[in-house]
Amino acid sequence: MHRIAFFVEGYTELLFIESLIREIAGNRAISIKTMQTRGGSSCRKVTRVLKDDVSESKVSFLIVDCGGESNVKSYLVEEHESLTKNGYTKIVGVRDVRPSFSRADIPKLVEYLVYGIKGKLAPVKMILAIMELEAWFIADHSHYSRIHPNLSAKRLHTERGIDAHTVLTSSIDEPSKELSEFYALEGINYSKGSIDIIDKLDLDVLMSASEKQAPDLYELILLIDEFFELAYPKTVAA
């Protein structure tokens, strides 16, 4: 079995990556385990299983909600050796740049994320959502009307100056604020976890837009797709 683990900063990120994995999987069988970890520095570390879907599958995914962007690397490093011993062949960290770092700090953040990772263990890949994961959601031009019938990509362009069809999502300085203020035009409150935005997204739209509009998301999609290819290689016709 091929095993891969994701360490993410929060529950919204966990749900998004789980949905993305299932979308890319299509009709291929998968096993997904989701967990939540809290504490560990000044208090006892507590980890609980949220879901454990076991199936007859060639691939197994673990997604850990770390409860904050600053915990993603530390929890990953703590579990790196154990996961390697348990057959995980890839470990992935996914976190935002904001609010702890500015755009100018990105090179420093990249250096920090890879510093001290043990090269003899399972390979680690760190993916930055620039500036926040919500930037990716903006590129789904179809989801606004599912949030509220009076919202649309056209209205986003008019009211906020953002063209969801063409915007480079990493150029948006405060993506969650942009979404929050746009949804608020129709009285919809958005903060992480306050509405089930993941169910409103069309992942086909996001995946199609990612290469040109969200390169950091595209990097994540390619990583998951390549992982599936290891277990389910495409046959080449003679």
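Structure notes:
- Single match in Ser180, Ser145 (criterion: under 27 Å from Ser102 (Cα atoms) and surrounded by 14 or more Cβ atoms within 10 Å (Cβ to Cβ)): Ser180
- The listed residues are Lys118, Lys108, and the only one of them that is touching a helix residue (DSSP H, G or I) at 6+ places or on another chain (Cβ under 7 Å), charged (D, E, K, R) and modelled with pLDDT of 95 or more turns out to be Lys118.
- Residue tally, condition under 14 Å from Lys125 (Cα atoms) and not charged (D, E, K, R), over region 85-108: 6
- The criterion of being among the polar types (S, T, N, Q), surrounded by fewer than 18 Cβ atoms within 10 Å (Cβ to Cβ) and in contact (Cβ under 8 Å) with a residue 60 or more places away in the chain does not hold for Asn71.
- Filtered by the rule that a residue be of a type in the set (A, V, I, L, M, F, W, C), in contact with a His (Cβ under 9 Å, 6 or more places away or on another chain) and under 21 Å from Ile17 (Cβ atoms), region 81-132 gives Ile91, Ile117, Ala122, Val124.
- Residue among Val49, Val94, Val72 that is hydrophobic (A, V, I, L, M, F, W, C), over 25 Å from Asp225 (Cβ atoms) and modelled with pLDDT of 95 or more: Val49
- From the list Ser82, Ser42, the one residue that fits, being in the same structural domain as Pro123 (by TED's automatic domain parsing), part of a helix (DSSP H, G or I) and surrounded by fewer than 13 Cβ atoms within 10 Å (Cβ to Cβ), is Ser82.
- Filter result for Thr12 (outside any strand (DSSP E or B), among the polar types (S, T, N, Q), under 17 Å from Leu220 (Cα atoms) and touching a residue at least 12 places away in the same chain (Cβ under 8 Å)): yes
- The residues in region 92-116 that are surrounded by 12 or more Cβ atoms within 10 Å (Cβ to Cβ) and within 16 Å of Asn71 (Cβ to Cβ) can be counted, and the count is 12.
- Residue within region 94-108 that is more than 30 Å from Ser31 (Cβ to Cβ) and among the aromatic types (Phe, Trp, Tyr) present: yes
- Taking region 94-213 and the helices (runs of 4 or more DSSP H) fully enclosed by it, the elements with 2 or more residues that are touching a residue at least 60 places away in the same chain (Cβ under 8 Å) and within 19 Å of the chain's Cα centre (by Cα) are at 134-138, 197-200, 203-213.
- Output for region 60-87, where each listed residue is closer than 19 Å to Leu223 by Cβ, hydroxyl-bearing (Ser, Thr, Tyr) and more than 19 Å from the chain's Cα centre (by Cα): Thr84
The values are calculated or read from the model by the stated rules, or taken from the named source; none is laboratory data. What you are looking at is a predicted structure, and each value in this text was computed from that prediction instead of being measured. Virtual Cβ from ideal backbone geometry, glycine too; neighbours counted across all protein chains shown.
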